[in-house]
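Since the structure comes first, as structure tokens, the remarks are kept for the end.
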Amino acid sequence: MVGIVSYGVYIPRWRIKTEEIAKVWDQDADRFKEGLLVEEKSVPSLDEDTVTLAVEAARNALNRSPEVNAKEIGALYVGSESHPYAVKPTATIVAEAIDATPSLTAADMEFACKAGTAGLQACMGLVKAEYVKYGMAIGADTAQAQPSDALEYTAAAGAAAYIIGRDSVIADIEGTYSTTQDVPDFWRREGEGYPQHGGRFTGEPAYFTQVVNCTRGLMERLGTKPKDYDYAVFHQPNGKFPLRAAQILGFDKEKVMPGLIVTKIGNTYSGASLLGLASVLDQAKQGDRILVTSYGSGAGSDSFSIVVTNLIEEKRDLAPSTEFYINRKEYIDYAHYSKFKRQLRGFVN
Amino acid sequence: MTMYGVPSHWRRYKERYRLSGTRCETCGNIYFPPRKVCPHCRREGKPVSMNFSGKGKVYTFSVIRVPSEGFEAYAPYVIGLIQLEEGPKVTTQIVDCSPEEVYIDMPVEVCFRKLREQGKEGIICYGFKFKPTTDAILKK
């Protein structure tokens, strides 16, 4: 069966608190903290972008699977909505940095916050068809938000990389299912610096419709029920949406909390559901069943049903955990945040 | 900004992206950056490519407060000479820590960062920098 051979994550070191952002715009921090359930978010350094985040996560995934030779990776996909180049694939730079070149196919994926899981499905297909031995799918983003927009409280940075294969898997993927519809809930036009969103429109007709229908669709096809799962990970643009989705679907809150890391690092967009899954894999036991549903604005969802194998114990500690990166932090004020995000006028480099 | 140095950056991918150096199979000496000829063995030398572990210690360092063009926003930043586990010394920026936190013999490991951008239109040059090791952070 096709499964996860390894995984690796990366979260930048810098954090800004919700209070610090609210202070600048004279907004009520408590209202945002209660509304979004986000205490602070990660911020990339001046010399970090989606490429560097993806490389760090990919290297952690390789460190966690010593049996995988990078040259055996036959497909590499990087999902992001913040690729540094408009034309020049992020995946080429990542492949070169991990020494997987030249015998592989590589491409950048785009589907708002679910481009990483789209890459995961592409890898599953290629591995299952035996076109490649291993595939690597990465979700990575350094999310942009218009200053003073509500998105500024959550738009964060992080990456997660997954190696998909048939042998030595730490988790079997027993099924995947997707839904896609044309929903204008969130977009960014070519050349624009920041995305636009449909405000409240992003909830019911967008996130909840896709996440709930996709998850139900997967469970119907597999004949599973919420009680069959030990953990559930939903895309986490904030802390409230995944908890509400879990409630609608009938998953206990306790099954969602281990993968709910948005409260500490913000919304890492393409990295979000994959980082949540990594957080669960950091603590799951053999036989545990995990449900993962991503969400990408535009809109669509990918659901996966995953069963952990005994190899998890052997590989888990070969690379830093998600918790390590969450706790490795240094706070910055809004002035430094503006500098790191290159928001200052006349900024030269 | 003109797009100078695109080929020269491309030629150095192995060393910049993967911290790859050279080992001479004749005398066992290890070099970074990579060499085509072993300066010790000359024509008897057999230089082969070698990837380093990426772990090392700070041999010495300097804090840059008056930066070169293109690095203004990074100042103050730390430039260090890193003694790699395998022996060679590497000049690099030390990141993910403040200048006050760096000390001689500090254990460090390689990371992948932007080295510089050739303006808004040019290429982005990526490569290695060094940061405090995971173990050092866990002990802190």
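Whenever a residue of region A:129-152 is in the same structural domain as residue A:48 (by TED's automatic domain parsing) and more than 30 Å from residue A:70 (Cα to Cα), its partners that are crowded, with 16+ Cβ neighbours inside 10 Å and of a type in the set (Val, Ile, Thr), lying with C-beta atoms within less than 6 angstrom and at least six residues away or across chains, give the pairs A:152/A:21. Screening the candidates B:87, B:127, B:80 for the property of being assigned to a strand (DSSP E or B) and more than 10 Å from every other protein chain (Cβ to nearest Cβ) yields one hit, B:80. Checked against (1) out of contact with any strand residue (DSSP E or B) (no Cβ under 8 Å at 6 or more places or on another chain); (2) modelled with pLDDT under 95; (3) crowded, with 19+ Cβ neighbours inside 10 Å, residue A:146 passes all but condition (3).
Number of residues in region B:58-103 that are more than 29 Å from residue B:24 (Cα to Cα) and among the hydrophobic types (A, V, I, L, M, F, W, C) equals 10.
Yes/no per residue for (1) in contact with a Phe, Trp or Tyr (Cβ under 9 Å, 6 or more places away or on another chain); (2) small (Gly, Ala, Ser); (3) assigned by TED's automatic domain parsing to the domain that holds residue A:269; (4) in a helix (DSSP H, G or I):
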{"residue": "A:210", "(1), (2), (3), (4)": "yes, no, yes, yes"}
{"residue": "A:214", "(1), (2), (3), (4)": "yes, no, yes, yes"}
{"residue": "A:224", "(1), (2), (3), (4)": "no, no, yes, no"}
{"residue": "A:237", "(1), (2), (3), (4)": "yes, no, yes, no"}
{"residue": "A:246", "(1), (2), (3), (4)": "yes, yes, yes, yes"}
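Does residue A:133 fit the bill of being of a type in the set (D, E, K, R) and more than 25 Å from residue B:121 (Cβ to Cβ)? Taking the combined requirement at face value, the residue satisfies it.
Collect the residues in region B:2-46 that are part of a loop (DSSP other than H, G, I, E, B) and either basic (Lys, Arg) or in contact with a His (Cβ under 6 Å, 6 or more places away or on another chain) (or both), keeping them in residue-number order. Matches in region B:2-46: B:12, B:27, B:29, B:35, B:36, B:43, B:46. Residues in region A:298-321 that are within 13 Å of another protein chain (Cβ to nearest Cβ) and either loosely packed, with under 15 Cβ neighbours inside 10 Å or assigned to a helix (DSSP H, G or I) (or both): 2 in all.
May I ask you to list the residues in region B:105-132 that are closer than 11 Å to residue B:95 by Cα, touching a residue at least 40 places away in the same chain (Cβ under 8 Å) and buried (at least 19 other Cβ atoms within 10 Å of the Cβ)?
If the condition is that a residue be closer than 11 Å to residue B:95 by Cα, touching a residue at least 40 places away in the same chain (Cβ under 8 Å) and buried (at least 19 other Cβ atoms within 10 Å of the Cβ), then B:108, B:110, B:112, B:128, B:130 are the ones that fit.
Residue check: residue A:94 meets all listed conditions (1) under 20 Å from residue A:320 (Cβ atoms); (2) away from chain B (no Cβ under 13 Å); (3) hydrophobic (A, V, I, L, M, F, W, C) but one, namely (2). Selection of region A:324-349 for residues being assigned to a helix (DSSP H, G or I) and either more than 19 Å from the chain's Cα centre (by Cα) or more than 11 Å from chain B (Cβ to nearest Cβ) (or both) yields A:326, A:334, A:335, A:336, A:337, A:338, A:339, A:340. Is one or more of the residues making up region B:80-90 modelled with pLDDT of 95 or more and among the acidic types (Asp, Glu)? Yes, there is a match, as at least one residue in region B:80-90 is modelled with pLDDT of 95 or more and among the acidic types (Asp, Glu).
The number of residues in region A:14-60 that are within 14 Å of chain B (Cβ to nearest Cβ) and either farther than 18 Å from residue A:108 by Cβ or in contact (Cβ under 8 Å) with a residue 12 or more places away in the chain (or both) comes to 20. Residues in region B:61-77 that are at the interface with chain A (Cβ under 10 Å from one of its Cβ atoms) and not small (Gly, Ala, Ser): B:67, B:69, B:71, B:72, B:74, B:77. Exactly one of (1) within 30 Å of residue A:148 (Cα to Cα); (2) assigned to a helix (DSSP H, G or I); (3) of a type in the set (Asp, Glu) is unmet by residue A:220. Its number? It is condition (1) that residue A:220 fails. Every test in (1) at the interface with another protein chain (Cβ under 10 Å from one of its Cβ atoms); (2) surrounded by 12 or more Cβ atoms within 10 Å (Cβ to Cβ) is passed by residue B:15 save one, and that test is (1). What residue, among those in region A:97-115 that are within 18 Å of residue A:275 (Cα to Cα) and among the small types (Gly, Ala, Ser), is farthest from the other protein chains (Cβ to nearest Cβ)? Ranking the qualifying residues of region A:97-115, first place goes to A:112. Could you list, in sequence order, the residues of region A:189-205 that are buried (at least 16 other Cβ atoms within 10 Å of the Cβ) and either under 26 Å from residue A:57 (Cα atoms) or touching a Pro at 6+ places or on another chain (Cβ under 9 Å) (or both)? Those that are buried (at least 16 other Cβ atoms within 10 Å of the Cβ) and either under 26 Å from residue A:57 (Cα atoms) or touching a Pro at 6+ places or on another chain (Cβ under 9 Å) (or both): A:195, A:202. For region A:78-88, taking the residues that are part of a loop (DSSP other than H, G, I, E, B) and either modelled with pLDDT under 95 or closer than 23 Å to residue A:186 by Cα (or both), the one that is farthest from the other protein chains (Cβ to nearest Cβ) is identified as A:81. When the residues of region B:48-60 are filtered to those that are among the polar types (S, T, N, Q) and either within 13 Å of another protein chain (Cβ to nearest Cβ) or in contact with a helix residue (DSSP H, G or I) (Cβ under 8 Å, 6 or more places away or on another chain) (or both), the one that is nearest to residue B:131 (Cα to Cα) is B:53. Considering only residues that are modelled with pLDDT of 95 or more and among the aromatic types (Phe, Trp, Tyr), look in region A:322-346 and name the one that is surrounded by the fewest Cβ atoms within 10 Å (Cβ to Cβ). Checking each candidate, the answer is A:331.
The values are calculated or read from the model by the stated rules, or taken from the named source; none is laboratory data. Everything quoted here is computed from the prediction, not taken from an experiment. Note that we place each Cβ from the backbone using ideal geometry, even for glycine, and neighbour counts take in every protein chain shown.
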